[in-house]
Amino acid sequence: MRLFARGWSDRRDGPGHRRIYYLKGCNLACRWCASPESIAGSGELLFRPERAAGETLGGFCPHGAIDGQILDRTRCRSCPDTACRRLRHPALEWCGIDTTPEALAAELAALAGNWGDFGGVTFGGGEPSLQAAELAPLLRTLRRNGIHTAFESNAATAAFPLLVSEADLVIADLKSGTAETFRACTGGDFGTLLANLARAAEEADALLLRIPFVPGCNDAPEERSAMAGILDTLNRSRRRAKGEPLAVEVLPFHHFGDPKYRALGKPCPMENVPPPSPETVAGFERELAGTGLQIERN
């Protein structure tokens, strides 16, 4: 399995104080992605020369890719050994950690036994279902050992259904209301997404749908109306199958990921787009609440 980060989450990605692993690689390329380092499946370097405090970094790369505080990424692409992943400096961060399901299971067993308010584990991304062959049996093992499990997904892969019945909590995205917008803003297949969300609504033990609310992408009245219609259908299925309303959380667009684009040497597609106003977000939440959905807020 390949990760790009790990950390802790307090009641934002499932109940309680949780360990969270971010799996590397994504099938989409959302214009507003806050974790651009998650998209490529291969390892890559985050280069932040501003953390060098005036120190020259030229000697850190044995292949001469760094000149002073400038990184020549054309040399990185032909690097024979990615020596930078073994370096320790605040300006250099190798993004791509290989591990095994067994190692993660052992780490989580130790945490569950020694961390008083340990709430469980969440697997985020990137897109976790791209590593479903390893993640599905790991989820089964963890649940068998009494550890609460969750995964966060864009729900737009063929492997998504393999994980739905394996986790205690499924957190999935609805990024738009129409196929055209979904394709334009993410590059994904809308039909796969809708089929997967319908299955999750009927089968997931617990389900939370998240809507990244992004100006210029899915905030137009027709998009909002289309998303509300999709959610209404899913809500009806959820009530029939599980006897409970569908839980939905609106996530306003933000700029937290902008520095990571610069650290990857990539343009930030949404750099000049302002976040939605709190009033606009609240209005959308009221629209959704009016259809009988359970609105979650953190």
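Which condition number does ARG88 fail, the rest of (1) touching a Lys or Arg at 6+ places or on another chain (Cβ under 9 Å); (2) loosely packed, with under 13 Cβ neighbours inside 10 Å; (3) of a type in the set (D, E, K, R) being met?
Going through the list (1) touching a Lys or Arg at 6+ places or on another chain (Cβ under 9 Å); (2) loosely packed, with under 13 Cβ neighbours inside 10 Å; (3) of a type in the set (D, E, K, R), ARG88 breaks only (1).
What are the pairs, 6+ residues apart or on separate chains, where a residue within segment 139-158 that is without any contact (Cβ under 8 Å) to a residue 40 or more places away in the chain has its Cβ under 8 Å from a residue that is of a type in the set (A, V, I, L, M, F, W, C) and part of a loop (DSSP other than H, G, I, E, B)?
LEU139/ALA167; ARG143/ALA167; THR149/ALA167; PHE151/ALA167; SER153/PHE160
How about segment 125-138: which of its residues are in contact with an Asp or Glu (Cβ under 8 Å, 6 or more places away or on another chain) and surrounded by fewer than 24 Cβ atoms within 10 Å (Cβ to Cβ)?
The one that is in contact with an Asp or Glu (Cβ under 8 Å, 6 or more places away or on another chain) and surrounded by fewer than 24 Cβ atoms within 10 Å (Cβ to Cβ): ALA136.
Could you say which residue among GLY292, GLY229 is surrounded by fewer than 16 Cβ atoms within 10 Å (Cβ to Cβ) and part of a helix (DSSP H, G or I)?
GLY229
Taking GLY41, is it at pLDDT 90 or above and in contact with a Phe, Trp or Tyr (Cβ under 8 Å, 6 or more places away or on another chain)?
Details: at pLDDT 90 or above: yes; in contact with a Phe, Trp or Tyr (Cβ under 8 Å, 6 or more places away or on another chain): no.
Answer is no for this residue.
Among the residues of segment 205-262, write down those that are touching a Leu at 6+ places or on another chain (Cβ under 6 Å) and among the basic types (Lys, Arg).
Those that are touching a Leu at 6+ places or on another chain (Cβ under 6 Å) and among the basic types (Lys, Arg): ARG210, ARG238.
What number of residues within segment 3-26 satisfy the criterion of being crowded, with 18+ Cβ neighbours inside 10 Å and within 20 Å of ASP98 (Cβ to Cβ)?
The qualifying residues number 10.
Pairs under 7 Å by beta carbon, first residue farther than 18 Å from PRO212 by Cα in segment 223-252, partner modelled with pLDDT under 95 and part of a loop (DSSP other than H, G, I, E, B), six or more apart or different chains?
ASN235/THR291; ASN235/GLY292; PRO245/GLY292
Among the residues of segment 232-260, write down those that are surrounded by fewer than 19 Cβ atoms within 10 Å (Cβ to Cβ) and assigned to a helix (DSSP H, G or I).
ASP232, THR233, ARG236, SER237, ARG239, ARG240, ALA241, LYS242, ASP258, PRO259
Can you find, within segment 130-157, the residue that is farthest from the chain's Cα centre (by Cα) among those that are more than 20 Å from ILE230 (Cβ to Cβ) and of a type in the set (Gly, Ala, Ser)?
Checked segment 130-157; the qualifying residue farthest from the chain's Cα centre (by Cα) is GLY146.
Give the number of residues within segment 154-198 that are basic (Lys, Arg) and surrounded by fewer than 22 Cβ atoms within 10 Å (Cβ to Cβ). Lay out the reasoning, then the answer.
Taking segment 154-198 and keeping what is basic (Lys, Arg), we get 175, 183.
Subsequent filtering for residues that are surrounded by fewer than 22 Cβ atoms within 10 Å (Cβ to Cβ) retains 183.
Counting residues in segment 154-198 that are basic (Lys, Arg) and surrounded by fewer than 22 Cβ atoms within 10 Å (Cβ to Cβ) gives 1.
Condition check ((1) in contact with a Cys (Cβ under 6 Å, 6 or more places away or on another chain); (2) at pLDDT below 95; (3) not aliphatic (A, V, I, L, M)) across all residues:
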residue: ASP81; (1), (2), (3): no, yes, yes
residue: PRO101; (1), (2), (3): no, no, yes
residue: GLY120; (1), (2), (3): no, no, yes
residue: ALA179; (1), (2), (3): no, no, no
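The values are calculated or read from the model by the stated rules, or taken from the named source; none is laboratory data. Bear in mind the structure is a predicted one, so any value in this text is a computation, not a measurement. Neighbour counts are summed over all protein chains in view; Cβ atoms, including those assigned to glycine, are modelled from backbone coordinates with ideal geometry.
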